[in-house]
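> Here it is, the structure in full.
What follows is calculated from the coordinates using simple rules that are stated; it is not laboratory data. It should be emphasised that the depicted structure is a prediction, and the values quoted were computed from it without experimental measurement. Cβ sites come from the backbone with ideal geometry, for glycine too, and all protein chains shown count toward neighbours.
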Amino acid sequence: MTAADPNGALIVAVILFSLGALGVLVRRNLLFMLMSTEIMLNAACLAFIAAGNRWHMADGQVMFMMVVAFAAAESAVGLAIILRMHAAGRSTLDADTGNRLGG
Amino acid sequence: MSQFLADHALAIYVAFTVIFLCIVVALSAALGPRRVGAARGRSMSLPYESGILSTGSARIRLPVQYYLLAVFFVIFDVESVFIYSWASVVVEAGWAAFISVTTFVVFLTLALIYLWRSGALEWGPKHRRMPVKVPPNSPVELVKIPEREVV
Amino acid sequence: MSFSFLPNAVLVLCLGSLVQLAAISWRRHVARDAILCVIVLVAALASIMMPTALLMNGALPLFAPDTWASFAGALIILSVLAIVLMSRHGAISADPTVNSEYFLLLTLATLGGVAMTGAVHFISFFLGLETLSLALLGLIAFQNKRLDAGEAAMKYLLLSGVASATMVFGFALIYAETGSLRFAVPDLSHAPEPIIGTMGVILVLTGMFFKLSAVPFHLWLADVLEGTSVPVAALVAVTSKIALFAAMLRYFSSVNLGVPSAQVNEILIVAILSMLGGNLMAVVQTDLRRLLAGSSIAHVGYLLVAFLSPVPFGVASAAFYLAAYAISTIGVFAIMNGVLPQGTDIREWHGLFRRKPAAALAMSVMLVSLAGIPPAVGFFAKFYIVAAGVSAHQTLLLLVLILSSTIGLFYYLRLILIMLTPAPAGRESHAEVTSPTPVNAALITVLACATILLGICPSTLVQHSQALIVASPLPVAAPTQLP
Amino acid sequence: MMPIVWPILVIVVTVFGVLGVAAVSTMLERRLLGVFQDRPGPNRVGPFGLFQVIADAMKMLFKQDWIPPFADKPVFLVAPIIGFLAVLLCFGVVPITPIWGVAGELNVGLLFIFGMLGLGVYSVVLAGWSSNNKYALLGGMRAAAQMISYEVFMGLSVMGVVMAAGSFSIRDIVEAQTNCWFIIPQCLGAVIFLLAGIAETHRLPFDFPEGENEIGAGFHTEYSGMKFGMFYLAEYAGVALSSALITTLYLGGWHGPFLPPFLWFAIKVFLLICFYILLRAALPRPRYDQLMSFGWKVLLPLSLLNILVTGAVILLRAGV
Amino acid sequence: MFALPALVLIPFIGGLAAWLVGLRGASRAAWVSSLITLVLMVVLLAQITISSFAAGAGAGGWFAHFSMAWVPMLGINVRFDLDGLSLVMLWLNAVIALPCVLLSARNVADRAGLFHCLLLATVAGINGVFMATDLFLFFFFWELMLLPLFGLILIWGDAGRQRAVLKFFLFTQGSGLLMLLAILGLVIVNQQRTGVITFDYFALSQTALIAPIAPVLMLGFFIAFAVKLPMVPFHAWLPDTYAASPAAVSILLAGVLAKTGGYGLIRFVVMLFPQASAHIAPLAMTLGVVGILYCAWLAVAQDDIKRLIAYSSISHLGFILLGVFSGTRIGMEGAIAQMVAHGLSTGALFVIAGLLEERLGTRDMSKMGGLWPAMPQLSALAMFFAAASLGLPGLGNFVGEFLVLMGTWQVSHVMTFFAAAGLVLSSIYSLTMMLRVFYGPKKTESLAPLGAPSVPHIAVLGVAALLLLALGVYPQPVLNLSVPASPHVVSIAQEQAQ
């Protein structure tokens, strides 16, 4: 297997990151927004892998694992909160309805 | 060419498998008969194709355990990644890493015990917290509620 | 071969959280868990004072054994300690929303914060940050009876997720540029592709500003503070900011922020916007927590002024300011929690001087401190920051600071004014005024005394903060050679 | 010419070999069950009913390609493909003999397998969900819960082997067993892996996703024709995969005296498949909650313990 | 040695004592405690004065000194020094504070302890301002003295107090922050020159300032003091605040607090930045003249008696600005005399206004009239102070204003002319006030029985009248004593200490 071109991977990562950011901004469904943040994190993961490849160091992969672990924890908590909100009586995932707080 | 094949054997395998399976599905679609009109049984459009009409939507809310389980899976599976990364370099990393991993596993076990104790792993029948109350002049016969009931 | 160093406090807090987890698993007992939490925090505080630390040879150097870490770490632990004492109000009573896990999460949040303050490596920083964020997230969602808590938590989750992702992506770009995960802003003067590194630094900064809730990334803070319980609001407004600011200061310590560059411009703009925006936002609020959110944002702006004025007072003044801010803000929240836990609307504070004179007096002291009026500690803090700004010739920033703190004065004083005047007829408050528990009252007293005493005799704290500059050779990243 | 043909040949033979093994397994199961339960089993088509396999295949291929009108069509269509694909792809990294195997030398072969097995969860969940039928949905959810639970222990239980071999490459693992099969030092891991394998392929006694006395046919209630056939084949291919993995990871793969490597491999796999079928015949089905509790409360701690003990032993023996 | 800090601490501790006493609800006890404190303070002040003279201190020198490290890392010390100007201002403070306490015995029944506590805290802060020679300390007291005022006005003020107090606070604090900037700028410049961080007034006065910095720093100080004084464009807070304050507080505000601005102008603007302040002098003087005329004009148009006095006060304070910036010794002397005299006369007028408000229940002059027959003693005294205010020769204000005009004459004839025109307006509104309040027909019948003013009132007003008279007839001792000491002169006590 040949090594992927780090710059190409970086560009892909930037695109992924932008897509994720766009998703957070545009999507109104909480689950999709959560997924979009995960995409942003994954873009960072990809960038780390690419960078680690560029410098031939394992640091990038270590960081990758950390980020993945965090992403998992974050989505776990996020899902739990959504469930909790559901149980508390909010039956929609539309983020626009989350405006009981006056902001 | 051959070098390419050797290098990308897995990729070619994947491509081949995907194409093959698609062909199989397409083939069955092409070869199978099509029934329209009267030839199409009335109950074919019903769930379970048994003629029994189902009630309600199939988009039901599932017990919370399923969601909890998904969360635990995500956490434990990702945590095990750290063990994976140690597993391939046990000898090289030496005792220091072993101590770290032991700490990690202790944490993980403790978390598991916590989940266990807080009842997150309970799937089975639960005791009803509150006995079902039947009004005194209810026409319904007082049905004996079994001690353990599946919820 | 470099020495790796694990701060005592991190170890103690790790162990403590483990013990707490085990204790909860064994049997739930809220009072015991609260006491356990206090014990762990005190032990961590004691361990910070201890000079020895665990040294490991050959591992990644993740933490710096310096006074700055000790100072910020101690500040974080103390603030959490105050928050724990504050929360005992609900814990002792039959209120089920404060139970065992609450204290465990507080310990974890402390762990994250303390780890961040000492971090000199992206990995340790990221771990600390996320430990803190996730614990905070749990705490924000904790009051699960209220729908608001869920919304607040969701908001925090999404925005802190975006912030983390942005920051991590920035780290990745910097790593791609420099090949090092050590904590240092890349020197881009002779990098092959400075654009990647610059973008990375800007993304990191943006992420940090998100988490610090600096304008224009501030929108979540007010909602989160409003939606969650008072002690947790204090945690969000104080502890997490101390941790982040400590880490940010360390991150930028190797850079001469006097020289204009993309990142300096961003900090400058954000500082100005935060000072003005935070104060203007607070002026129009009728909800006390939202008002405090605005105030908190503004204080972040003031801190950024110190941040941009590194020589010779910058670090010291920021340290002092952090301490002053922590004391006063926690004080405000403690009083809120002790006296008017439901009184989010500032109109319900009408006539507090009649109903609870001591609490109202303490509250006034805190507000005066936040407004920066003598003899409270906030005065000296603001003075110190202005001194830093003047010495660094940050004229524009200082003018904005003056202007915005005059605006700030308006709403702090208006609050005191409200407490002094009885409610207008027909608009009597319906929120119940409670008596603080003895622990809570003691906490409030201690904080109020600290606010005044430190304001009159700031020299001890100044000495500590000055020692930070002298004794802390903040780490500079070793230049990496291109392979 | 040869260097080009050889890899292609390997690929084609692997795919069709798996298909063939799966198909024959269905027959084998029915016959063996017949034996165990003292009844004939299929014995009409061809000698010993051997052609029953072909007949079944023809029947499925020519059945109506029925997609219920209430189902989510694209997802309904894709789900069985994913299911079968996941299993087939796993075989890509299993080395059958020292020279045979699509990509047996892949350095993260084991991780690849875990990845593909994870993909299998999508199949059941999507099938259950897209069927728009309560039984199917319940079946799909049960399958997902069961599979993801056991995936964790499966991964952890294999770590003992990885530690002993020092590699994630399956070929390396097999080669590390030249002297001693890993089933001896890793008997605990092997047992956990076997149990996890049963649950992963939702075979009896862990076949709750399609527990017919509870939820109809589970996640594939609405499936018929070739799409059902794919689920069906995927299940047997999964059994074969599980057997193949146990063989390579714990039973020394192709290693064995006298006989050629391929034959050793085939024998071991065959015996394991028979063992699976015997399990079906011999064991009653537990309750679903017992399955989950067993996994999380027993297997997970055991596999963690296994890892620590293995690591300590390896370090002691290495004398670091 | 500790006499100077004791001047700050005595009122402060006394205030706390009054508060503690008052907690039991004994307003009388709080009042007594407060009065004792003030008497103690006066005794101490007298002792300081006597010992200063005994030590042979002459005009233009420093009499006493106290120094103690505060925040040594930043070169901040608790440093007090006393010169003639400080001494005179301290006496003014004491003299004005006494009636405030005396007269509040009856007016303040509600939470008297707290009232006296805050009042004395203000007095303590003002004392600190008049003595501090460490710039940080000065700023500390400068801000500190406002805080109790805030409480005083807010709790005991009248209807419009909330707006008024916010305005007051924002103005003074905002300008105070500018001063903080200027102080820090000065300190940093000094640090860059000498390498030492210090906030010491004497050390900083040695700083050689180059052209672009000095005016900027000076402006910071100038604006802060101009707001406090108040100078005309910054005067908007004053009428509201004076009108909304309780009687005792308006006396303190008009009598002493405004003078801290004048004191600051002399001590910090002129003494620290002689060249820069000379540059700004024409502008400052012009503003002073504008203030004199404009506010006098506004005073003419007022119906509210407190507002009238407030505007007249601004108008008279314009003379201080004029005198300070005239750059002449005689102008400076006049300004100081004006500060003292104006403090006494305006304070007395506010006493009278407070009394009228208390008795009549209104401050609206259109509802008053014909009070002379009802309360002849008060009316006579009012006449006296109105005359003092309009600058009747023989009274203190005349001395001040005359000296200022003389000083100004040496600089600009035009300004002198316009400033003198202000005096004409001053006589118009003063006499109109007398006319509307005390002469003419009685406007309302339903007013409460007026009765004679209480003995303390008469005593206070009488003493003030005597002092004004003394100042008017024989001003020389005050003029001699009150010459501000130059920062370049080192005090005797300090020399001894070194």
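> 5 Å is the cut-off here: which amide hydrogens, built 1.01 Å from N in the peptide plane, fall below it relative to E:Asp83, excluding neighbours closer than 5 in sequence?
E:Phe63
> What shape does segment B:64-122 have by the C-alpha gyration tensor, where a ≥ b ≥ c are the square roots of the eigenvalues, rounded means a/c under 1.5, and otherwise prolate means a/b greater than b/c and oblate the rest?
Numbers: a/c = 5.50, a/b = 2.13, b/c = 2.58.
Note, shape of segment B:64-122 comes out oblate.
> So what's the convex hull volume per residue for the Cα atoms of chain C, in Å³?
Hull volume over Cα atoms, normalised by residue count, gives 130 Å³.
> Please give the Cα centre distance for segment E:294-346 versus segment D:113-138, rounded to the nearest Å.
Cα centres, segment E:294-346 to segment D:113-138: 90 Å.
> By the scheme Lys and Arg +1, Asp and Glu -1, what is the net charge of all other residues having a beta-carbon under 12 Å from that of E:Gly176?
That sum, taken over residues with Cβ under 12 Å, equals +1.
> Using the Karplus curve 6.51 cos²θ - 1.76 cosθ + 1.60 with θ = phi - 60°, work out ³J(HN,Hα) for each residue of segment E:62-74 in order, rounded to whole Hz, and write x for Gly and Pro.
Residue by residue, segment E:62-74 yields 9, 9, 9, 8, 9, 8, 8, 5, 10, 10, x, 4, 10 Hz.
> If one computes the Cα centroid of segment C:98-165 and of segment C:214-249, what distance in Å separates the two points?
11 Å
> Please give the peptides D:116-126, E:340-350 ranked by average Cβ packing (other Cβ atoms within 10 Å per residue), highest first, as a rough proxy for protection.
E:340-350, D:116-126
> Can you work out the PRE-style zone for D:Val75? Point 7 Å along Cα to Cβ, and I want the residues of segment B:58-89 with backbone N under 15 Å.
Output list for this probe position: B:58-62.
> Right, something else. Place a +1 charge on the Cβ of each Lys and Arg in chain E and a -1 charge on the Cβ of each Asp and Glu, then give the dipole magnitude about the Cα centre in debye, rounded to the nearest 20.
Its charge dipole is roughly 680 debye.
> Among C:113-120, D:261-268, how do they line up from the highest to the lowest mean number of other beta-carbon atoms within 10 Å? Could the numbers behind the result be given before it?
Details: C:113-120: 30.2, D:261-268: 18.0.
Result, highest mean Cβ count within 10 Å first: C:113-120, D:261-268.
> What is the set of long-range amide H partners of E:Leu371 at a cut-off below 5 Å, with H atoms built 1.01 Å from backbone N?
E:Phe438, E:Tyr439
> When a/c is below 1.5 the answer is rounded, else prolate if a/b is larger than b/c, else oblate, so apply that to segment E:259-378 with a ≥ b ≥ c taken from the square roots of the Cα gyration tensor eigenvalues.
Numbers: a/c = 3.42, a/b = 2.38, b/c = 1.44.
Taking the square roots of the gyration eigenvalues as a ≥ b ≥ c, segment E:259-378 is prolate.
> If you put +1 on each Lys and Arg Cβ and -1 on each Asp and Glu Cβ, how big is the dipole of the protein assembly as shown around its Cα centre, in Debye rounded to 20? Can you show the working numbers first?
On the way: 78 positive and 67 negative charges, 595 e Å.
Dipole magnitude for the protein assembly as shown comes out near 2860 debye.
> Along the positive direction of the dipole of the protein assembly as shown (beta-carbon charges: Lys, Arg +1; Asp, Glu -1; about the Cα centre), which of D:Ile184, C:Ser240, D:Ala312 reaches farthest?
Working it through, the farthest residue towards the positive pole turns out to be C:Ser240.
> Here is a further query. Please give the peptides E:468-477, E:171-180 ranked by average Cβ packing (other Cβ atoms within 10 Å per residue), highest first, as a rough proxy for protection.
Top to bottom by mean Cβ count within 10 Å: E:171-180, E:468-477.
> For A:29-41, what's the mean count of beta carbons from other chains sitting within 10 Å of each residue's beta carbon?
Average neighbour count from other chains, rounded to a whole number: 3.
> If contacts are Cα pairs under 8 angstrom and at least 6 residues apart, what is the relative contact order of chain C in percent?
16 percent
> Using a Förster distance of 25 Å, how high is the FRET efficiency between D:Ala318 and D:Ile99, based on the Cβ-Cβ distance and rounded to 0.05?
Between D:Ala318 and D:Ile99 the formula returns 0.20.
> Then there is this: Could you list which residues have their amide H under 5 Å from that of E:Ile76, counting only those 5 or more apart in sequence or on another chain, with H placed in the peptide plane?
Distant-sequence amide H within range of E:Ile76: E:Trp70, E:Val71.
> Hey, if you put +1 on the Cβ of every Lys and Arg and -1 on every Asp and Glu Cβ in chain C, which of C:Pro310, C:Ser328, C:Ala69 ends up farthest toward the positive end of that dipole?
It is C:Ser328.
> Let me ask something else about it. Peptide D:56-69: average number of partner chain Cβ atoms within 10 Å per residue?
If you average over the peptide's residues, the count of other-chain Cβ atoms is 4.
> Across 5 Å bins from 0, what is the distribution of all Cα-Cα pair distances for segment D:63-318, in whole percents?
Taking every Cα pair in segment D:63-318, the percentages come to 1, 7, 13, 17, 18, 16, 12, 8, 5, 2, 1, 0, 0.
> In the structure shown, do any of E:Lys228/E:Lys306; E:Lys259/E:Lys306; E:Lys167/E:Lys306; E:Lys167/E:Lys442; D:Lys73/D:Lys134; C:Lys155/C:Lys382 have a Cα-Cα gap over 28 Å, and if so which?
Listed pairs above 28 Å: E:Lys167/E:Lys442; C:Lys155/C:Lys382.
> Counting only other chains, what is the mean number of Cβ atoms within 10 angstrom of the Cβ of each residue in peptide E:148-159?
2
> Just how far, in whole angstrom, is segment E:124-203 from segment D:272-289 if you go by their alpha carbon centroids?
When both Cα centres are located, 86 Å separates them.
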